[in-house]
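Everything below concerns the one structure shown next.
Each reported figure results from applying straightforward, stated rules to the coordinates on display, with no laboratory input. Just so it is clear, the structure is predicted and the values come from calculations on it, not from any experiment. Note that each Cβ is placed from the backbone with ideal geometry, even for glycine, and that neighbours are counted across all protein chains shown.
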Amino acid sequence: MMKRSVFFLLILVILSGCTNRIGGDYFFEHITAMENQLEKTNWVLLSEEASKLKNMYSDNKWKLQLLGDETEYEGLHDNINKLIAAIDVEDQTETKVGLAAIESLLENIYSL
């Protein structure tokens with residue numbers, strides 16, 4: 001009976017630990033900063049930040065490939081390019097949607 005209790009407790013601890021993100025804070029902090037700049041509608045700074053986000057993606061692509069599946073990291077790349085296009089035409093709605101999509105994909109990649 002004791003072994004069974006310990007086993008179930010161990011399983012509970014393992015499963016509850018798998019709901020948190022395992023990394024990628026630099027991406028999430030960058031997206032939060034971009035959302036703050038979007039509220040100020042600073043399009044020049046947003047364009048620079050989007051380019052930095054694309055560089056961050058390129059630098060960390062191998063990690064994303066290890067953690068996520070192909071549709072997730074390729075979708076992330078596509079959404080970053082769409083975000084850059086939305087910022088170039090200064091479309092606030094599409095920029096918000098793009099940031100939300102990128103954040104969602106990153107959460108999927110960095111969660112177990």
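Descriptive notes on the structure:
- Cβ-defined net charge surrounding LEU45, 14 Å radius [Lys, Arg +1; Asp, Glu -1]: -4
- Each of SER47 and TRP62 was given a label point 7 Å from its Cα along the Cα-to-Cβ line. The distance between the two points is 3.3 nm.
- For the stretch 16-112, the relative contact order is 44 percent, taking Cα pairs closer than 8 Å that sit 6 or more residues apart in sequence and dividing their mean separation by the residue count.
- For the stretch 22-110, the spread of Cα positions along each principal axis, largest first, Å: 35, 20, 19
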